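Chemist: Below: one structure in structure tokens.
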Amino acid sequence: MKTATRTSDFQEDAQLVIDVLSEKEQVQLDYSADSVSWLDNYIDEHRAELNDGDKLLLQEKFGAFLGESILRNFGGRWVRSGDDHWMIAFGETEKASPFELIAQHLDHHTALSHEFRHIPDQIGRKAAQN
């Protein structure tokens, strides 16, 4: 989904999410699991108000925030997949798709904070299978 050309674009978008929502909602966000949980609830509360254009913009911005949160909590690095989508890679085969996770949550109310908390488990399972 993301059309960024540099990983610094993700850092800028993530910081924008923190700055705007912290001010607008009087909450102190950072890259912690608690902030991801807060975003999960925020999306739940506002999902019905969003049109397709809003969802695309939020997928881009919130995806960058989620990706940066994954990096800061679990390590990894931004990589571009073969189909030109950005993901977080942990080694050669283990990956997380923050933009896809946000899109699923915006459209289908997946448990974003649950997915975030279980990234270490998913990485471990995949690594053990290789």
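Residues are listed down the side, and each one gets a yes or a no for (1) of a type in the set (K, R); (2) modelled with pLDDT of 95 or more:
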residue	(1), (2)
K2	yes, no
D9	no, no
L16	no, yes
S22	no, yes
E25	no, yes
V36	no, yes
R47	yes, no
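Chemist: Here is a follow-up. Which of the residues belonging to the stretch 98-115 are of a type in the set (G, A, S) and either within 20 Å of E49 (Cα to Cα) or buried (at least 19 other Cβ atoms within 10 Å of the Cβ) (or both)? I'd like the intermediate steps shown before the answer.
Modeler: Going residue by residue through the stretch 98-115, those that are of a type in the set (G, A, S) are 103, 111, 113.
Correct list: A103, A111.
Chemist: Hey, another quick one. Tell me whether the stretch 78-86 contains one or more residues that are under 14 Å from the mean Cα position of the chain (by Cα), among the hydrophobic types (A, V, I, L, M, F, W, C) and surrounded by 16 or more Cβ atoms within 10 Å (Cβ to Cβ).
Modeler: Checked against the condition, which is being under 14 Å from the mean Cα position of the chain (by Cα), among the hydrophobic types (A, V, I, L, M, F, W, C) and surrounded by 16 or more Cβ atoms within 10 Å (Cβ to Cβ), the stretch 78-86 yields at least one hit.
Chemist: Tell me which of these G67 doesn't satisfy, since it passes every other one: (1) of a type in the set (G, A, S); (2) out of contact with any helix residue (DSSP H, G or I) (no Cβ under 8 Å at 6 or more places or on another chain); (3) under 18 Å from L106 (Cβ atoms); (4) open to solvent by less than 50 Å² (accessible area, probe 1.4 Å).
Modeler: Going through (1) of a type in the set (G, A, S); (2) out of contact with any helix residue (DSSP H, G or I) (no Cβ under 8 Å at 6 or more places or on another chain); (3) under 18 Å from L106 (Cβ atoms); (4) open to solvent by less than 50 Å² (accessible area, probe 1.4 Å) one by one, G67 breaks only (2).
The values are calculated or read from the model by the stated rules, or taken from the named source; none is laboratory data. Values in this document were obtained by computation on a predicted structure and should not be read as measured data. Note that each Cβ is placed from the backbone with ideal geometry, even for glycine, and that neighbours are counted across all protein chains shown. The protein model used for the area step is the full one, side chains on, heavy atoms only, and it has no ligands, DNA or RNA in it. Shrake-Rupley method; radii C 1.70, N 1.55, O 1.52, S 1.80 Å.
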